[in-house]
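What follows is a short report on a single structure.
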């Protein structure tokens, strides 16, 4: 399984803080994003290709082409604003 | 009169913290330095042209060509090392 | 030598500076940055600020930034403490304290840490104004500040 | 908003930071530099340090540096406190605390002040090692640091 987590504005607008995917369903972050965008509404809008989406895999900053494996924790969130 | 003051290493090696000059005796800082150097010994050594000598006139950083006037306070000291 | 922490209790910046420099007489300079909550943003008065973060990743990200700073400038120490949860104007949001033998390394190390924290550590600000709540947008100038450190290599 | 002071009593850096930022909710960032007495210099153990200064000129020089920093980076405040007389390792020699709306101005302002102080404020260090007393020599790197601010104009 792959754990997917949403934070901040994403968590609020998607109305969920996370969900699980079968490991085979998405081999890269981009493949995962593509499936999520297909849900339309806030999913398509927030995760659109031209949007700034930050990605973490196993709690480290990752890229769209980062491969996903069984047991991974993927997080999707808007640009960070701490400090 | 012009008040001349010496600080730090200069004060110690010249064995005085200051003296007074007649205003007409030195029209610029350089003219003053020239007279002091003529005393030889530590005076010539510390105030030599190739030495780094910092100058203040009326408590503001000044240059060798700064003019001197009656009532001025001139200070001569080595490069500063605070902070 | 490195300490990073996330907490919901109010920050005590002075304690972090003291803990950083105590008992190490090789330290010649300590530079600290304290980020304070301002009472206005984009022309609106801000009454409260809520800081969300990603527990687990946050600490890892801060640790990594601190380690990179210590290695890059041979620092004698680096502490990063960031507050989360609800806070009010004038309260400290973050403290970065950096110690080094000489001042230049301390300045560079401290600025590097806060620049990287701003673009890489998973915190998000939500502010409460008279018009309600809103998420704070990331600033392009923060990306510019981060890239500066890469160009220098 | 600007405060400069020379004192022979031990410094309290935290008090300066507090006095700088208290009650001004427009301040977003405070950067402070604390210069500490190291216990070694040029390979020798240093037991004590004596700071001589030029009373009257010192305060004027610090005031001028603070004013220039505040104007150049639109700072919300700047405090410079420098110790004089006899001191021991680990004690603070100088505190520069700078407040601004945004962090970049605070970093630049603080570094500018300490760089200028190092080359323009009339302080001289004399250190006591096991071999006796000696005046500390000015460092060329301090001149380089000062010139940087002129090249940027």
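Coordinate-derived values only; no laboratory data. Please read these numbers as outputs of a predicted model, since none were measured by experiment. No Cβ is skipped: glycine too gets one built from the backbone with ideal geometry, and neighbour counts run over all protein chains shown.
Here are the numbers for the structure shown:
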item	result
Pseudo-label separations to other copies for residue D:9 - Cα-to-Cβ vector, 7 Å, nm	3.0
DSSP beta bridge pairing in region C:1-132, given as percent antiparallel to the nearest 5	80
Innermost chain C residue relative to the axis carrying C onto D, by Cβ distance in angstrom	C:14, 2
For the protein assembly as shown: rounded, prolate or oblate by the Cα gyration tensor [a/c cutoff 1.5]	prolate
Teacher prompt: residue D:130 distances to equivalent labels in other copies, 7 Å Cα→Cβ, nm	7.0
Max mean-square fluctuation residue, GNM over chain C, Cα-Cα springs under 10 Å, options C:104, C:126, C:118	C:104
Gaussian network model of chain C, springs between alpha carbon atoms under 10 Å - residue of C:56, C:132, C:43 with greatest fluctuation	C:43
Closest approach to the axis - chain B beta-carbon, rotation onto A, Å	B:83, 14
Rh by Kirkwood over Cα pairs, then Stokes-Einstein D for region D:1-79 at 1.567 mPa s and 4 °C, µm²/s	87
Estimated distance in nm for a label pair at residue B:23 and residue C:148, the labels positioned 7 Å out from Cα along Cα-to-Cβ	5.0
For chain B: relative contact order, % (alpha-carbon pairs under 8 angstrom, 6 or more apart)	41
Percentage of interatomic Cα-Cα distances in chain B larger than 21 Å	19
Relative contact order (percent, whole number), region C:54-153, Cα cutoff 8 Å, 6+ residue spacing	25
Cα gyration tensor shape for region C:87-153, rounded if a/c is under 1.5, else prolate or oblate	oblate
GNM flexibility winner over chain C from C:71, C:86, C:127 (Cα, springs under 10 Å)	C:71
Value of [θ]222 nm, deg cm²/dmol, for chain D, DSSP H segments ≥ 4, -39500 (n - 2.57) each, nearest 500	-12000 deg cm²/dmol
Shape category assigned to region C:44-136 from the gyration tensor of Cα positions, a/c cut at 1.5	prolate
Cα→Cβ-extended label distance, 7 Å offset, between residue C:9 and residue D:19, nm	2.9
Inverse mean reciprocal Cα-Cα distance (Kirkwood Rh) of region C:58-100, Å	11.5
Average other protein chain Cβ within 10 Å of Cβ, residues D:34-45	4
Inter-copy spacing of residue B:64 label points, which lie 7 Å from Cα along Cα→Cβ, given in nm from shortest upward	6.5
